[in-house]
Each structure stands twice: as structure tokens, then as C-alpha cells.
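S.K.: Following this message is one structure expressed as C-alpha cells.
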There are 4 protein chains.
Amino acid sequence: MPEAFPLKTRTTLRVRFHECDPLQIVWHGNYLKYFEEGREDFGRKHGISYHDAQSKGIAMPIVRSVCEHKLPLKYGDIFEVESTYIDSGAAKILFQYKIFKDEKLVCTGETMQVFLNDKGEMLLSIPPFFLDWKQKTGLL
Amino acid sequence: MPEAFPLKTRTTLRVRFHECDPLQIVWHGNYLKYFEEGREDFGRKHGISYHDAQSKGIAMPIVRSVCEHKLPLKYGDIFEVESTYIDSGAAKILFQYKIFKDEKLVCTGETMQVFLNDKGEMLLSIPPFFLDWKQKTGLL
Amino acid sequence: MPEAFPLKTRTTLRVRFHECDPLQIVWHGNYLKYFEEGREDFGRKHGISYHDAQSKGIAMPIVRSVCEHKLPLKYGDIFEVESTYIDSGAAKILFQYKIFKDEKLVCTGETMQVFLNDKGEMLLSIPPFFLDWKQKTGLL
Amino acid sequence: MPEAFPLKTRTTLRVRFHECDPLQIVWHGNYLKYFEEGREDFGRKHGISYHDAQSKGIAMPIVRSVCEHKLPLKYGDIFEVESTYIDSGAAKILFQYKIFKDEKLVCTGETMQVFLNDKGEMLLSIPPFFLDWKQKTGLL
């Protein structure tokens, strides 16, 4: 049975001391680490990973990231990263993120990844290992 | 005499080992550190700083950041961050960034900051210390 | 009933992509983040925190840290940080750390913290909030 | 003519905003980044680098690091890292660091690196590329 769409994962994290800045809040650039933790957790739960790509000689670097902050996070806060996979026909991987604390929206964001072969060239069509994954999850 | 518009600064940096990831390139989130270094350098050269704000009890957190990657940077690369102040009438600080290596465009980005008073409330009008700065630079 | 001595905590963590360097291993400086996560987890489990100190106007900065590496950690590895509180009569907080992966010793380390008052002066005797904690845990 | 011994380099740096923590000082783990910047600068000035090793299939991971703090550094502080190469007959690279601000000692530290071949095995004798470097600098 295919999974419910859109594919999304919620990951619970806690703000660490070294992630906070002199304004006593999480330094804005550290949200990209939270997005990465959410994306990796999504990968573990939905059966797709950096290692799958790597074993095929393919890298999936981030080529675009956006982050918008509504509320600050502070040291010790427990929060959730909701990572949603946005499907498209293109040779790209798009995720949208929402960070919640006590069910209040703290931050939204998105990342776009492309596929590079082992010469560093961008693939114009979706590589087989990723098509396989899309089929397994019912996206194709 | 007013400065040439738009106000911009070029800052030369070098990629450090710990900024690179297993793909042998700068980890995408570290570009926000480069933007910060560019923005702080702009502040020093154009006479505006975090300390000016702080002494008035005002914080200027980043509420939005965007980063788009065209080419990778690798360990040891020397590159330039061009930080351009985008003026607006609103109570916001907008910067656009371009990163160049050997005059090739590596990355573009932008950040938006707002003004918060010491209760953490967002200011709806531009605070006096920042109007002063705009006047000094000829923006007003 | 007092707790078993020495006081120690085991914290399970996973290596994140952005913590790894071009050698495909965790960058050595990131182990201090793991020690911090272990120390904070110890604090939560044993009822002592940065906030307790902060509410008394006391800071507990790290004044010494040591890290020795036996084996590398790689992206995705799951490991445990064992944080052991080393009691002493001095106005210092000493922790020793051992990091294990599959019960093999990966790394050892230690940190020393001191107490500063709100003028940034080092306290020569243990502050009351910390004596209270020592009493509660049976160390005094 | 051989260089003056011990071989050392002074590198001027400035504290960046994102390196500071809620105590308004540089987070202790970031000093390992400063040591790395000092060590890399030493390498550039004395003609030895990560790339030299890498081209021989050799990695030089850090296996031990120590950091002791005397005074804090704050946002915007300009400081100097003095990196001193400590020669020994063993297959190890030892550096000692001193960080100064306004000629006051802020921090001391050291790092030890070993040589690994491309199978990840530790070399028990000094590899040729490093012996060459020692000869060039007059250490041998």
C-alpha cells in the first residue's frame, strides 16, 4: 500500500547551548542544520539516503535554501521539524520545512537539491536509484 | 560628499578546512557565515554595527535568508563576498550578496533583518540611530 | 537514597552530515559539541542546569578542555557519550567523557568549568546553588 | 639559510558574531577553529599543507587537542593566534598555540596529528613528503 501523500516526517529536537548567539536565540544559520536533521530523518523513515546516492557515484548537493523566521528559539527549547517532500517531474529534490514549538509556527524553509555524477556534472534526468525510490513509495 | 550608490563592500575570504563537508565542498549552511562576514565588513566600512544597535537596546535579528549556489567552493579557495545594501523606506535591513571566485559567480543570496526593542517587540518605524546612519551616508 | 557514584550519564547521538569533514570523518572540534550534549543531558537527568546558575547571576564557562581520539566517527554512526561528574572540594566542575561506538572506545575527553559572578569575577568557593545540588545528590 | 627556530607564525583574526554564545563570549569549542586557522596559516607561510599530504594519499587527522582559557574573547575582538611547530623525531605533528589580545594571553592550546595511509592505517615512521619539508626548513 502506498504511503499517505505528501510524504512528511516530524523530528523532535532540542536547542543546544552552542547553537545560540549573543542575542540569546538560535543563530539563524543553524536552522539549516535543523532542516538537515529533518531531511535525514525523513530519509531514514522513507528509505532513501545519502549512502544510496553515494554508492551510485551520485552526489545531491543543496543548490538553494530559504529560511523565514516567525519566532525565536532559545536554549533548551524542544521543537519539531516537519519535513515535507515536494514531488516534481524534474531531476531535483525539493523539501519544505516547518518548525513548530508548542504547536506554534517558528520558522518555514525549503531546500532544493540536484543530482551530480562523479564528474560533478548535473544530471538532467532523474537517476535510476531515485526513480526506484519513487516507485517504492508510490510516487510513480 | 555622499557615497556612491548602491552601498556595497567586497570582502576577501578563504575557505577553512572545517567549513567543508564529505563532498569536499563548503557545506551549504556555511555560506550564511560568509554572508555574515560580508555584512559585518560592510558595517565596519560604512559605519554601522551591531554595537550601535545594542547600545540603544535594539536587536536586529535576521528574519529571512536565501542562498543559491551556482558553483562549489573547496578547501583553500580564496573568494570575495560582495554585500550590497538595498535601501527601502520600511523598518527593515535588506542585503544582497554575491560570492565570486576568480570573478566567476559562485553564489547569490539575501538577508532581511528587522528591529526589535528590548522587550523583543518589532519596531514598525525605523529607529533614530538607523535614520542617523542613513542621513550620514546620503541615503536620506 | 543517594545515587550511585560516580554520577554518570549515557547519551545516544548520531553523526550528522554537516559535522563531517573532507576526510569523511567527524571534524575533531565537533567532539566538544558532543561533550556538551552529554553534559547537558547529565544536567537534565541529575537536576542541575545552566538555567539554575543563570538565575543566580552565575556563569559556568569552560576553562579547559581535552579531547583524545582513538577511532574515527563517520556520517550516520550512532554512538554514546558517557559523561562522568568528577567530584572535588574546589570551586570547579570537572567532567570526564568517553565516547563509544558498538562498545568500542572512540574518544576520551574532559572539561573543567569555573563559576563567575555577574561582574565576571571567578568565585573561589562553591556557590550555594551548587552546594545544594551536591547535597541533594548525596555528594555532600 | 634555515629559518629561525622554533618555527612559528602569528595570524590576526577577528571574532565573528556566530562564534559567540549566550554568555556573550566566544563558545569554547570555536577556539579549535582558531587553532586550525593558525595551523593552516603556518602551513602556507612555511610551505606545508593538507594538499601535500593528500596528493601522497596521506591524511593527518588530529588525535589530541587541548585548550585552556585565561580570558574571554568577545564579538568584534581582534586577536592573534601564535602557532608554534614543536619538532620531534616521532611520526607526529605537534603544534602549540597561544592566543593574544592586546598582547595579553587569552588562551593556550595544543594539537597532535598523526599520519594515516590510504587504508586508514597509522604510519609508524615519518613519510617522505614530511621529511622533505623538515629538510627544506632546516629541521633535519
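S.K.: If R0 is 45 Å, what FRET efficiency do you get for residue D:122 and residue A:104 from their C-beta distance, rounded to 0.05? Write down the numbers at each step before the final one.
M.R.: Details: r = 51 Å, r/R0 = 1.14.
In this case the efficiency is close to 0.30.
S.K.: Further question: Counting other C-beta atoms within 10 Å, and keeping those with at most 15, which DSSP coil GluC sites (Glu not before Pro) do you find in the range C:1-42?
M.R.: Taking the range C:1-42 and a limit of 15 other Cβ atoms within 10 Å, the loop GluC sites (Glu not before Pro) found are C:3.
S.K.: Continuing with the same structure: Short version: ³J(HN,Hα) in whole Hz for each residue of the range D:83-90, in order, from phi by Karplus 6.51 cos²θ - 1.76 cosθ + 1.60 (θ = phi - 60°), x for Gly and Pro, what are they?
M.R.: Values per residue, Gly and Pro as x: 10, 10, 7, 9, 6, 8, x, 7 Hz.
S.K.: Right, here's the next one. If you take the charge dipole of the range C:8-136 about its Cα centre, with +1 on Lys and Arg Cβ and -1 on Asp and Glu Cβ, which of C:63, C:107, C:131 is farthest toward its positive end?
M.R.: Value: C:131.
S.K.: Further question on the same structure: Give the nm distances, rounded to one decimal, from residue C:123 to the matching residue in every other copy, measuring between label points 7 Å along Cα toward the beta carbon; shortest first.
M.R.: Distances between equivalent label points, in nm: 3.7, 5.1, 5.8.
S.K.: Which of A:23, A:124, A:94 moves most in a GNM of chain A, Cα contacts under 10 Å?
M.R.: A:23
S.K.: Normalised by the residues of chain C, what does the relative contact order come to in percent, with Cα pairs under 8 Å and at least six apart?
M.R.: Values: 248 pairs, mean separation 39.7, N = 140.
It comes to 28 percent, rounded to a whole number.
S.K.: Nearest 10 degrees is fine. How inclined is helix A:31-46 to the longest principal axis of chain A, computing both from alpha carbons?
M.R.: 50
S.K.: What does the average come to when, for each residue of peptide B:104-110, you count the partner chain Cβ atoms lying within 10 Å of its Cβ?
M.R.: On the way: counts 0, 0, 0, 1, 1, 3, 1.
Neighbouring Cβ atoms belonging to other protein chains average 1 per residue here.
S.K.: Measuring from a point 7 Å out along Cα→Cβ, what nm distances, shortest first, does residue D:51 have to its partners in the other copies?
M.R.: Relative to the other copies, residue D:51 has label-point distances of 3.4, 3.7, 5.0 nm.
S.K.: List every residue whose amide H lies under 5 Å from the amide H of residue C:27, counting only residues 5 or more places away in sequence or on a different chain, with H placed 1.01 Å from N in the peptide plane.
M.R.: For residue C:27, the qualifying residues are C:20, C:21.
S.K.: Sticking with this one: Using only helices, what value at 222 nm comes out for the protein assembly as shown when you add -39,500 (n - 2.57) per DSSP H run of length 4 or more and divide by the total residues, to the nearest 500 deg cm²/dmol?
M.R.: Working: 12 runs with 128 residues, N = 560.
Taken over the protein assembly as shown, the calculation gives -7000 deg cm²/dmol.
S.K.: Taking amide H positions as placed 1.01 Å from N in the peptide plane, with prolines and chain starts having none, which residues 5 or more places from residue A:58, or on another chain, fall under 5 Å of its amide H?
M.R.: Those lying under 5 Å, H to H, from residue A:58: there are none.
S.K.: Let me ask something else. Am I reading the C/A interface right? What is its buried accessible area, both sides, 1.4 Å probe, to the nearest 100 Å²?
M.R.: On the way: alone 8360 and 8340 Å², together 15110 Å².
That pair of chains buries around 1600 Å² in total.
S.K.: In addition: Springs between alpha-carbon pairs under 10 angstrom, Gaussian network model over chain D: which of D:41, D:87, D:21 fluctuates most?
M.R.: Checking each option, the largest mean-square fluctuation is seen for D:21.
S.K.: Taking a label point 7 Å out from Cα toward Cβ, give me the nm distances from residue A:10 to the same spot in the other copies, shortest first, one decimal.
M.R.: Inter-copy label distances (nm, one decimal, shortest first): 3.0, 5.0, 5.7.
S.K.: Magnitude of the Cβ-charge dipole of the protein assembly as shown, K/R +1 and D/E -1, about the Cα centre, nearest 20 debye? Don't skip to the answer; put the middle values down first.
M.R.: Numbers: 76 positive and 76 negative charges, 0 e Å.
Around 0 debye, computed over the protein assembly as shown.
S.K.: Using the Cα atoms of the range D:8-136 to build a convex hull, what is its mean projected area in square nanometres?
M.R.: Orientation-averaged projected area of the Cα hull: 8.3 nm².
S.K.: Can I ask one more? Give me a comma-separated list of calculated 3J(HN,Hα) values for the range B:57-69, in order, Karplus coefficients 6.51, -1.76, 1.60 applied at θ = phi - 60°, integers in Hz, x for any Gly or Pro.
M.R.: Karplus values, whole Hz, x for Gly and Pro: x, 10, 10, 10, x, 7, 10, 7, 9, 9, 9, 10, 9.
S.K.: Across chain C, where is the longest run that never hits trypsin sites (Lys or Arg not before Pro) in a DSSP loop with at most 15 other C-beta atoms within 10 Å?
M.R.: The answer is C:1-55.
S.K.: With θ taken as phi - 60° and the coefficients 6.51, -1.76 and 1.60, list the Karplus ³J(HN,Hα) couplings across the range A:16-30 in order, rounded to whole Hz; mark glycine and proline as x.
M.R.: 9, 3, 6, 8, 9, 10, x, 7, 6, 10, 4, 4, 3, x, 6
S.K.: If you don't mind, there's one more thing I want to ask. Which shape class applies to the protein assembly as shown: rounded if a/c is under 1.5, otherwise prolate when a/b exceeds b/c and oblate if not, where a ≥ b ≥ c are the square roots of the Cα gyration tensor eigenvalues?
M.R.: It is rounded, given that a/c, with a ≥ b ≥ c, falls under 1.5.
S.K.: I'd like the distance separating the alpha-carbon centroids of the range B:63-124 and the range A:56-75, in whole Å.
M.R.: 15
S.K.: Another question, then. Go ahead and run the numbers for FRET between residue B:87 and residue C:5, Cβ-Cβ distance against an R0 of 45 Å, rounding to 0.05.
M.R.: Values: r = 63 Å, r/R0 = 1.40.
So the FRET efficiency works out to roughly 0.10.
S.K.: Further question on the same structure: Running a GNM on chain C with Cα contacts under 10 Å, which residue among C:96, C:54, C:113 ends up with the highest mean-square fluctuation?
M.R.: With Cα springs under 10 Å in chain C, the top fluctuation among C:96, C:54, C:113 is at C:54.
S.K.: If you don't mind, there's one more thing I want to ask. Can you list residues from other chains, or at least 5 along the same chain, whose modelled amide H is less than 5 Å from the amide H of residue A:64?
M.R.: A:112, B:69
S.K.: Further question on the same structure: Quick one: of A:104/C:74; A:56/A:136; C:45/D:92; B:56/B:134; B:119/C:8; C:74/D:136, which pairs are farther than 28 Å apart, Cα to Cα?
M.R.: Working: A:104/C:74 35 Å; A:56/A:136 18 Å; C:45/D:92 40 Å; B:56/B:134 16 Å; B:119/C:8 39 Å; C:74/D:136 36 Å.
Result: A:104/C:74; C:45/D:92; B:119/C:8; C:74/D:136 exceed 28 Å.
S.K.: State to the nearest 20 debye the size of the charge dipole of the range A:8-136 about its Cα centre, where the only charges are +1 on K and R beta carbons and -1 on D and E beta carbons. Could the numbers behind the result be given before it?
M.R.: On the way: 19 positive and 18 negative charges, 31 e Å.
Its charge dipole is roughly 140 debye.
S.K.: Please list, by residue number, everything in the range A:5-31 whose backbone N is under 19 Å from a paramagnetic label point 7 Å out along Cα→Cβ of residue C:54.
M.R.: Under 19 Å, as judged by backbone N against the label point of residue C:54, lie A:13-31 of the range A:5-31.
S.K.: May I pose another question? Between 0 and 90 degrees, rounded to the nearest ten: what's the tilt of helix D:128-137 against the longest Cα principal axis of chain D?
M.R.: Relative to chain D, helix D:128-137 is tipped by roughly 70 degrees.
The values are calculated or read from the model by the stated rules, or taken from the named source; none is laboratory data. Note that this is a predicted model, so its numbers are computed, not measured. Please note: Cβ atoms are built from the backbone with ideal geometry, for glycine as well, and neighbour counts cover all protein chains shown. For the accessible areas, the whole protein counts, side chains as well, though only heavy atoms, and no ligand, DNA or RNA atoms are used. Shrake-Rupley method; radii C 1.70, N 1.55, O 1.52, S 1.80 Å.
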